[in-house]
1. Give the relative contact order (percent, whole number) for the range 1-138; include only Cα pairs under 8 Å separated by 6+ residues.
2. Once you put a point 7 Å from the Cα of Arg99 and another 7 Å from the Cα of Arg178, both along the Cβ direction, what distance in nm separates them?
3. Using the basic label-point model (7 angstrom from Cα toward the beta carbon), what is the Lys18 to Glu171 distance in nanometres?
4. Please tell me the relative contact order of the range 32-78 in percent, rounded to the nearest whole number, where contacts are Cα pairs under 8 Å and at least six residues apart.
5. Lysine pairs, Cα distance under 20 Å, 8 or more residues apart or cross-chain: how many in the chain?
6. Looking only at the range 84-119, which residues have a backbone nitrogen under 15 Å from a spot 7 Å from the Cα of Thr70 in the C-beta direction?
7. Simple spin-label model, 7 Å along Cα-to-Cβ: Leu35 to Asn61 in nm?
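Every number in this text was worked out from the coordinates using simple rules, so none of it is lab data. Please read all numbers here as calculations on a predicted model, not as lab measurements. For neighbour counting, all protein chains shown are included, and Cβ atoms are generated from backbone atoms with ideal geometry for every residue, glycine included.
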Amino acid sequence: MATIGTHYILSALGGARKKGVDTRQLLKQARISELQLRNPRARFPVESVAKLYSSIAETLNDEFMGFTETPIKLGTFALMAEWVSYSHNLEELLHRGIRFYNQINNEIKVSLDVEGEHVYFTSEFNTPELDFEHFYIEYWHVIWHRFASWYIGKPIKLIGAYINYTPIDHEEFELLFRCKTNQKSKFNRLVFHRKYLEEPLIKTTR
């Protein structure tokens with residue numbers, strides 16, 4: 001069974017806590033034990049953690065989970081997924097998705113650049129200080145990586161992850177992307193081979 005460590009539960013609650021939300025109730029809804037959370041080495045089922053993340057977004061009506069200055073309405077990602085599903089290959093899907101988010105929000109700007117054989121998926125927060133434990137930038141990149149992999153029906157093997165901070169939980173961070181991590185970058189980005197851009201979409205929301 002896939003599991004997630006304590007860090008990504010406690011950090012996820014940070015945005016909601018700043019908004020005055022009863023985080024104990026959120027944990028209760030997700031069936032996550034507060035007693036277990038006292039153990040930094042404890043691990044929790046992915047299903048429970050996913051429920052927690054969904055509950056945070058629903059409670060705040062904010063898919064950015066309280067980590068940006070301006071919220072983004074619940075259902076935005078689903079709407080984007082529906083729109084990009086008309087793409088012919090992964091490159092078109094990513095460009096459409098990036099265009100969608102860059103058009104409707106000023107909080108997270110995303111870009112896709114190709115240099116030689118490498119593709120750089122880069123995200124820049126307007127107010128990075130609000131994502132004080134770097135939870136959301138990591139969650140955001142996980143979402144996009146798995147979203148893209150799902151659409152082409154195969155895992156996209158990452159060449160590297162570039163970050164401009166030091167992860168709080170190094171071991172857990174390595175489990176997220178399973179690739180070389182560069183911590184002295186100016187950017188927060190994922191890197192993969194350009195061959196994936198040509199992959200046709202296998203899955204669809206239509």
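1. On the way: 165 pairs, mean separation 27.8, N = 138.
After rounding, I find 20 percent.
2. Here the modelled spin labels are 3.3 nm apart.
3. Placing both labels 7 Å along Cα→Cβ, they lie 2.9 nm apart.
4. Values: 30 pairs, mean separation 10.6, N = 47.
Relative contact order of the range 32-78: 23 percent.
5. 17
6. Correct set: 100-110.
7. 3.8
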